[in-house]
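Following: one structure in structure tokens, then a few remarks.
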Amino acid sequence: MGVVRLESAAAKPSFLRNILGRVLLFGVLVIVVRFAYVVTIAGESCTIGDFCFFSLPENFGFVIAGAGNAASTANKAVRVANAGPTRADLYTSKDWIKAAHFYSARFQDLISDGFLSPNSKTLCVETPIGQEVFALKEIGVKDSRGIYKKASKPLVISAKGNRIPFDDETFDFVFSRDGGLDKVSRPLDLASEIVRTLKPEGFLVVHTRSAKDTYSFNSFLGLFNSCKLIRSRHIDDYDSLMPSLREIVLQKKIQFFGHRMEEEEEAIDGNSMNKCSVPGDKRELVRKAEPLIMEEPLKPWITLKRNIQKVKYLPSMADISFRNRYVYVDVGARSYGSSIGSWFRKQYPKQNRTFDVYAIEADRTFHEEYKLKKGVKLLPYAAWVRNETLSFEIHRDPGQDVHDKGRGMGRIRPVVKLSSSSSADLGFEGEVDEIHGFDFADWLKGTVSEKDFVVMKMDVEGTEFDLIPRLFETGAICLIDELFLECHYNRWQRCCPGERSSKYEHTYGECMDLFTSLRESGVLVHQWW
């Protein structure tokens, strides 16, 4: 029995040694496989702690090659001390290191130029994985953080662009990388939050591939009215295959109480509220537009339709980035397929922007159809110069089937000017309904702002000679970026050669005066059909 006990006692240590040996071999195998993966797949030598097996902790330190003295650090790789658990692959990839080097060089330039300092409290917005924060911390700007809709800790916390989770006037320096401000759905919301959290005289630096032309650059500056432009220049990106970046430096102005009071007093002045001036970039686009057809065409329904092929759309001439909203207003929309579905949504170059669509149509025949159309807000009234009840005449051209009710072109008139007897005197044959008219210029000013991109099509059966002057009078005309206008005049009739339509009282010459005055005022207007 004693011999059996001794053999059993000797066997136990041997068994434990075997187990420990196997565990050790397995651990070594895992580390070797991990090392081979980093070297062969990521394409980098693994110089980050523990064979890149762990991720960055909350209290990490960096050394980026080229971030300090170029002669002494050119051959250094990225080093992370006190590594924590997960995500090391990200920090050893070629793209990560290349981006970190790029931002490190840019931030050092900004320090040299006096826009940034090691003591700056900094924020990087719309940064998915935080290479900018990484670079700032490495060059000594320790109080740096990033925000994005999805967190990427420890560099980036989760935050929405329309509500940055920091107090007013918190940061000395804010940075927005390429794809930040020009990719968010509502850039004005993010811009407002940036300005709110930026200290007076603090700096905002933006990298963007947009703002390539004067129009989009001015749109960008319009987002930051409380900041002044310090510098704008083109720089090379770290990706040589991509077009150059534009680096824009802004500084937040100091707001004085007296200055704000002056602005409020100016806003109270009714005359100043109605005045507007079209900026030079819009006037330049007007000069690039297709020429107007100055001579009256004998077959307008053919000539004007062909002319549509020559139209130079604003988004084909300029970048429409940095606008807060994108809005299409169809005044006299008729059916959905008349222009919204058949032309605007299929043919207008939207630059991948989502537009809010408003259909203004007084003819109740078309109202039911819009209930089934998503993304279109119907205003079932007549666009007019004031709020009042109107007479809505449903006209039909000669030869049109009188049983096709409601499908004729509607024309509006004040009720007091039209009676049954006067209709007969004018030779009017059709239906007359009472409808509600609304002050279109007032509605437009309450619906959109100068920071929105507004496209408008207007087909109002002669009422354009009332609406356009009202838009000028109120200053609402300056809210329209691009206008497609069908001007109605006593044109030659298809049915009856040699006869002009008595439906409209204006001439082709008066239409051309209207188009010319719009373009001379800086409004990009196109002849529509």
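The values are calculated or read from the model by the stated rules, or taken from the named source; none is laboratory data. Worth saying up front: this structure is predicted, and the values here are computed from it rather than measured. Positions of Cβ are backbone-derived with ideal geometry, glycine not excepted, and every protein chain shown enters the neighbour counts. Quick note on the areas: whole protein, heavy atoms, side chains included, nothing else; ligands and nucleic acids left out. Shrake-Rupley method; radii C 1.70, N 1.55, O 1.52, S 1.80 Å.
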### Message
Pairs needed: first member in the range 359-375, closer than 22 Å to residue 447 by Cβ and at pLDDT 95 or above; second member anywhere, outside any loop (DSSP other than H, G, I, E, B) and open to solvent by 70 Å² or more (accessible area, probe 1.4 Å); C-beta distance under 9 Å; at least 6 residues apart or different chains.
### Response
359/377; 370/377
#### Entry: Single residue of the range 313-340 satisfying the filter (touching a residue at least 12 places away in the same chain (Cβ under 8 Å) and part of a helix (DSSP H, G or I)) that is farthest from residue 209 (Cα to Cα)
336
### Query
When both residues are 6+ apart or on different chains and their Cβ atoms are under 7 Å apart, which pairs have a first residue that lies in the range 108-119 and is within 15 Å of residue 250 (Cα to Cα) and modelled with pLDDT of 95 or more, and a second that is open to solvent by less than 40 Å² (accessible area, probe 1.4 Å) and in a helix (DSSP H, G or I)?
116/107; 116/110
### Task
Can you give me the number of residues within the range 191-216 that are in a helix (DSSP H, G or I), at pLDDT below 95 and of a type in the set (A, V, I, L, M, F, W, C)?
0
### Query
Residues 180, 140, 146: which one is in a loop (DSSP other than H, G, I, E, B), under 26 Å from residue 237 (Cβ atoms) and more than 20 Å from the chain's Cα centre (by Cα)?
140
### Check on residue 292, within 18 Å of residue 518 (Cα to Cα), under 20 Å from the mean Cα position of the chain (by Cα) and modelled with pLDDT of 85 or more
no
#### Entry: Matching entry among 287, 323, 334 (being among the charged types (D, E, K, R) and at positive phi)
334
### Message
Looking at the structure I just gave you, is residue 171 among the aromatic types (Phe, Trp, Tyr), within 21 Å of residue 108 (Cα to Cα) and in contact (Cβ under 8 Å) with a residue 24 or more places away in the chain?
### Response
yes
### Message
Being open to solvent by 30 Å² or more (accessible area, probe 1.4 Å) and within 23 Å of residue 183 (Cβ to Cβ) is true for just one of 105, 151. Which residue is that?
### Response
151
#### Entry: Tally, over the range 154-168, of residues that are free of Cβ contacts under 8 Å to residues at least 24 places away in the same chain and open to solvent by less than 40 Å² (accessible area, probe 1.4 Å)
1
